[in-house]
Structure formats: structure tokens, C-alpha cells
Amino acid sequence: MTHLRLGLNIDHVATVRNARGSAYPDPVRAAMLAEAAGADGITAHLREDRRHITDRDIERLMEALALPLNFEMAATGEMQKIALRHRPHAVCIVPEKREERTTEGGLEVAREENRLAHFIAPLAEAGCRVSIFIAADAAQIEAAARIGAAVVELHTGAYCDLHAEGKLAERDAELARLREMSAFAHSLGLEVHAGHGLTYDTVGPVAAFPEVRELNIGHFLIGEAIFTGLGPAIAEMRRLMDAARA
Ligand code: PXP
């Protein structure tokens, strides 16, 4: 099977830094360490309210990072301008609500098809791979293909929540849906990524989907790094992904 890439989301290194308004822990340092530990990419979400990653973090990542940067952003004019200035390897368009704790649902592509098609066109022209973060839903996947996205990232949050709540029959149904929709997206020519809420316990079944090319994982790994260090946490996730893929 093809290599499954691991993108480390470093947002929550910045969350800890910002809790005290200090210069540390530095998300750019985490990104450099992730590179040495075997991650294939770095993901950072510049939120409208700048609650974790800042504009300066993005600038420093673009200067310092050898790994591809996946720049997560809402579909706003401000974010489009920033992305066009930096031209990161990839941009992942996510829905954003100020009051949410994290990205709770996928983007409603089908409802906003026209606007999103116009929104992503200059990003693609600038050389960014455009990824759309959506629920595992056929209508959203079809809409993502129609607007010209290169990639869809399927939201694994519901699957992970059901696992954590011990609702195993519902978890397995959600997993089956993710599997089916990965194959469907791939059949439309979209590259398939997945992420949100993945842990050592939940990563295996998703990593085993042959169509999935990249997983983006953050919160769990940054938390685990408190106990084991970031390098070993990434290495363990890598090992579990490779074992599931074998
Ligand atoms: N993928 C996307 C599109 C996300 O918005 C996030 C969270 O910022 C992740 C992956 C990573 O999720 P988590 O931090 O729960 O691993």
C-alpha cells in the first residue's frame, strides 16, 4: 500500500504558550522536532481570533520549515490574502465558529458551492493544494469535486467521540461510512486525507483504508508529549499507522 503521511498539528503547542503570554513552548520548535521524529508534514490553523497560532508563527514556519505546511483556514477574505502571501504547500478550508472549542463539523460545501469555487480558484492558481474538510457524506464529496478541490479531508471526530463514549455499534457504523466515503472520494479523483480526534486507540482502522493518503493529528499527540516527549509520541503513532497499513 502507498505510504500514509502523518501531519502533526501544532496548534496546541501555541495554546499552552498563549495561556501565559510567554514565548514558550514554541510551536516552530515542535515543528522542527516533528521533522526529525518522522512526521511528513505540519498543520497549523490560523483562527480568526488567533487563539493559538499567530500570524508570526505562520511567517516563521514558512521561513524555517523544510516539511510541507498545511495551512488550515476559514474561507474568509483575510485568510485568503494571508495564504496568497505565503503560498504554503497546502491550504485546508475548514468551517469556523468563534464560540466552538474546536472544528466541530465539516464544511457545508454543497450549500456554498459557487462562493467556494471562486474562493479556492486563486489559491490553486498560486500553487497551493486545496483541501476541503468535510463530513463523510456523498453530497459534500461530490460538491468538493465539482468546485475543483484537489483533496478532501474526512472528519473523524464523530468516530472518535463514539469510541470514547463506548458506543461501539455506532462507532463501527461511522467507521464503515468513513471507509465507504474514502473509496467514493478516491473514485472521483480526489486525494483523501482524514483527521480530528485520532488517538493511539482509534488510528488503526482509519490508517488501514487504502485510499487515505494522509492523517492530520494534533491534540492527542501534544497531550501525550507531556508524558513521553513529542518525538516518542510521533514515533509511536507512526508505528501504529504503519502496522495498520501492513
Ligand atoms: N484536521 C483538521 C481539518 C482539523 O481542523 C484538526 C483540528 O484542528 C485536525 C485535523 C486535528 O485534530 P486533533 O487536534 O483533534 O488531532
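The values are calculated or read from the model by the stated rules, or taken from the named source; none is laboratory data. Only a predicted model underlies this, so the values are computations on that prediction, with no experimental measurement involved. A quick note on method: Cβ atoms are made from the backbone with ideal geometry, for glycine too, and the neighbour counts reach across all protein chains shown. Heads up: the accessible areas ignore ligands, DNA and RNA and are worked out on the full protein's heavy atoms, side chains in. Shrake-Rupley method; radii C 1.70, N 1.55, O 1.52, S 1.80 Å.
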Note: among R239, R213, just one is more than 28 Å from A149 (Cα to Cα) and among the charged types (D, E, K, R), namely R239
Listed by first then second residue, the pairs whose first member lies in region 101-117 and is in contact (Cβ under 8 Å) with a residue 40 or more places away in the chain, whose partner is open to solvent by 60 Å² or more (accessible area, probe 1.4 Å) and part of a helix (DSSP H, G or I), with beta carbons under 8 Å and at least 6 positions apart or on separate chains, are T102/H219
> Within region 83-98, is even one residue among the charged types (D, E, K, R), within 16 Å of the ligand (Cβ to nearest atom) and closer than 15 Å to G218 by Cα?
Replying inline: no
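With respect to T54, is the statement that it is surrounded by 21 or more Cβ atoms within 10 Å (Cβ to Cβ) and either more than 17 Å from G195 (Cβ to Cβ) or under 17 Å from the mean Cα position of the chain (by Cα) (or both) true?
Values: surrounded by 21 or more Cβ atoms within 10 Å (Cβ to Cβ): no; either more than 17 Å from G195 (Cβ to Cβ) or under 17 Å from the mean Cα position of the chain (by Cα) (or both): yes.
No: the conditions fail for T54.
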**Request:** Scan region 100-122 and give yes if some residue there is in contact with a Pro (Cβ under 9 Å, 6 or more places away or on another chain), within 25 Å of G223 (Cβ to Cβ) and open to solvent by 50 Å² or more (accessible area, probe 1.4 Å), otherwise no.
**Result:** yes
Checked E96, E59, E78 against criteria (closer than 13 Å to F133 by Cβ and of a type outside the set (A, V, I, L, M)); the one match is E96
Filtering helices (runs of 4 or more DSSP H) wholly in region 124-229 for at least 3 residues that are β-branched (V, I, T) and either away from the ligand (no atom under 12 Å from the Cβ) or open to solvent by less than 50 Å² (accessible area, probe 1.4 Å) (or both) gives 219-228
A75 open to solvent by less than 10 Å² (accessible area, probe 1.4 Å), within 16 Å of the chain's Cα centre (by Cα) and either at pLDDT 95 or above or not acidic (D, E) (or both):
no
Scanning region 1-48 for residues that are out of contact with any strand residue (DSSP E or B) (no Cβ under 7 Å at 6 or more places or on another chain) and among the acidic types (D, E), the one least open to solvent (accessible area, probe 1.4 Å) turns out to be D26
Matching residues in region 9-35 (in contact with a Gly (Cβ under 7 Å, 6 or more places away or on another chain) and over 21 Å from I82 (Cβ atoms)) number 1
Among the residues of region 111-132, the number that are under 24 Å from T156 (Cα atoms) and under 20 Å from the mean Cα position of the chain (by Cα) is 7
